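The values are calculated or read from the model by the stated rules, or taken from the named source; none is laboratory data. The structure presented is a predicted model; accordingly, all values stated were derived computationally and were not measured. Counting neighbours? That spans all protein chains shown, and the Cβs are built from the backbone with ideal geometry, glycine included.
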Amino acid sequence: MAILEVLKSKVPPNSDMKLIVAGVMTVKILALHEHMKRHSQDKQTKRALNMIVHQRQKMLKYLRRSKPERYFACLKEIGLDDSAVVREVR
């Protein structure tokens, strides 16, 4: 929850919450990915990681359709490429 508060403090009050949530999901994905490197047989974490990646992909695809300029700004902040988001989950 502290990550969400830090991200909220960095963005203007009228900004889209989807951008903030996408950033929080990215932090969670990175943490779960590190966990999976150490514990490759952890099936619950693998499922959680897949679910969060899919949720982030759906959210970013919605942003891409509705507000492309914010989508590309969000990708720049998160550090992702457009092709990575499109091909995350098949």
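If you take the residues of region 1-34 that are surrounded by fewer than 17 Cβ atoms within 10 Å (Cβ to Cβ) and small (G, A, S), which of them is modelled with the highest pLDDT?
Taking the candidates together, the pick is A31.
Just the residues that are on the phi < 0 side of the Ramachandran plot and assigned to a loop (DSSP other than H, G, I, E, B), please, taken from region 62-80.
Applying the first criterion (on the phi < 0 side of the Ramachandran plot) to region 62-80 yields 62-78, 80.
Correct list: K67, L80.
Pick out the one residue from S40, S83 that is assigned to a loop (DSSP other than H, G, I, E, B) and either small (G, A, S) or over 10 Å from the mean Cα position of the chain (by Cα) (or both).
Matching residue, one of S40, S83: S40.
Any chance region 47-61 includes a residue that's assigned to a loop (DSSP other than H, G, I, E, B), charged (D, E, K, R) and modelled with pLDDT under 90?
No, region 47-61 contains no residue that is assigned to a loop (DSSP other than H, G, I, E, B), charged (D, E, K, R) and modelled with pLDDT under 90.
Count, please, the residues in region 51-72 that happen to be out of contact with any Phe, Trp or Tyr (no Cβ under 8 Å at 6 or more places or on another chain) and surrounded by 14 or more Cβ atoms within 10 Å (Cβ to Cβ).
The total comes to 10.
Criterion first (modelled with pLDDT under 90, exposed (fewer than 15 other Cβ atoms within 10 Å of the Cβ), of a type in the set (A, V, I, L, M) and farther than 14 Å from L19 by Cβ) does A84 satisfy it? Spell out the reasoning first.
Numbers: modelled with pLDDT under 90: yes; exposed (fewer than 15 other Cβ atoms within 10 Å of the Cβ): yes; of a type in the set (A, V, I, L, M): yes; farther than 14 Å from L19 by Cβ: yes.
So A84 fits the description; yes.
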